[in-house]
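Down below is the structure, laid out as structure tokens.
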Amino acid sequence: MESHHFGADAAHMSLLRHGYFETRAMIGRWVSPRRRRPEKPLLQIGSGLNPIADFENLDFYMAHRGKVRHVGHDLRRPLPYADGVFEGVYSEHTLEHMYPAEALFLLREVWRVLKPGGIFRCSVPDLKKYIDFYEGRDVDAQFGMFLSGCEALWNLTQNHMHRSVWDAAMLKRQMIASGFAHAEEHPFRSGSDPRLFVDLDHRAWESLYVEGIKAG
């Protein structure tokens, strides 16, 4: 009986969170312009509590209770910029918060707003690292925070409102399918455009980094 009540309470809270999220999304779409003129040459998608100077910083409407300034947007909708206006786009730990179809739509939108020759640097939690830990292979020591491989996979797939998982092969494949001419995995803070080497230190242990290039 206690288990039944716990499950019902969890489902009720999930419905409340979903309703609150969708209400904010609806209000945000009503009051926000559909097109913005970018003030910076670079765009960060999913800026969170880490807005970056020299970037347009984009995140969900009314996120973070006013602690940081950013452009409010629902990433499930077309980005509020014209075609080909950014020299580079950066996103760290954002795609995994979207269902696969939503994430693929966003990849196409990123391609659209990039200038020819522009680069999209994208970081997500690396499914392969988690599976390596589950199977007992050597991984970063920070995986030691998990008591088991199963707990690690819980964290990746069920916590933090994660809705999709990624490895480098899948991310590269979907970038190419979204229009990018080339996609390649790179190490932490390494790649084609130093302006996009803004990867956060505390996420490196579990992350992968892939850059897609729009044909010039």
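The values are calculated or read from the model by the stated rules, or taken from the named source; none is laboratory data. All values derive from a computational prediction rather than experimental measurement. Glycine gets a Cβ as well: all are built from the backbone with ideal geometry, and neighbour counts include every protein chain shown. Heavy atoms of the whole protein, side chains included, go into the accessibility calculation; ligands, DNA and RNA do not. Shrake-Rupley method; radii C 1.70, N 1.55, O 1.52, S 1.80 Å.
Evaluating residue 121 against the criteria (1) in contact (Cβ under 8 Å) with a residue 12 or more places away in the chain; (2) of a type in the set (Lys, Arg); (3) open to solvent by 20 Å² or more (accessible area, probe 1.4 Å) leaves one unmet condition, (3).
Mind checking whether some residue in region 142-163 is more than 19 Å from the chain's Cα centre (by Cα) and in contact (Cβ under 8 Å) with a residue 40 or more places away in the chain? Scanning region 142-163, I find at least one residue that is more than 19 Å from the chain's Cα centre (by Cα) and in contact (Cβ under 8 Å) with a residue 40 or more places away in the chain, so the answer is yes. Residues that are part of a helix (DSSP H, G or I) and either open to solvent by 50 Å² or more (accessible area, probe 1.4 Å) or closer than 15 Å to residue 210 by Cα (or both) within region 153-163 comprise 154, 157, 158, listed in sequence order. Only one entry in 128, 115 is over 18 Å from the mean Cα position of the chain (by Cα) and either under 21 Å from residue 183 (Cα atoms) or open to solvent by less than 10 Å² (accessible area, probe 1.4 Å) (or both), namely 115.
Working only within region 138-150, note down all residues that are exposed (fewer than 14 other Cβ atoms within 10 Å of the Cβ) and part of a helix (DSSP H, G or I).
Across region 138-150, the qualifying residues are 141, 142, 144, 145, 150.
Taken over region 177-196, the criterion of being free of Cβ contacts under 8 Å to residues at least 24 places away in the same chain and either in a loop (DSSP other than H, G, I, E, B) or touching a strand residue (DSSP E or B) at 6+ places or on another chain (Cβ under 9 Å) (or both) is satisfied by 187, 188, 189, 190. Per this entry, residue 107 is not counted among residues that are part of a loop (DSSP other than H, G, I, E, B), modelled with pLDDT of 95 or more, within 26 Å of residue 168 (Cβ to Cβ) and not polar (S, T, N, Q). Within region 164-216, being on the phi > 0 side of the Ramachandran plot and open to solvent by less than 50 Å² (accessible area, probe 1.4 Å) holds for 179, 191. I'd like to check something: does region 92-100 contain any residue that is in contact with a Pro (Cβ under 9 Å, 6 or more places away or on another chain), surrounded by 18 or more Cβ atoms within 10 Å (Cβ to Cβ) and within 30 Å of residue 150 (Cα to Cα)? Checking region 92-100: at least one residue is in contact with a Pro (Cβ under 9 Å, 6 or more places away or on another chain), surrounded by 18 or more Cβ atoms within 10 Å (Cβ to Cβ) and within 30 Å of residue 150 (Cα to Cα).
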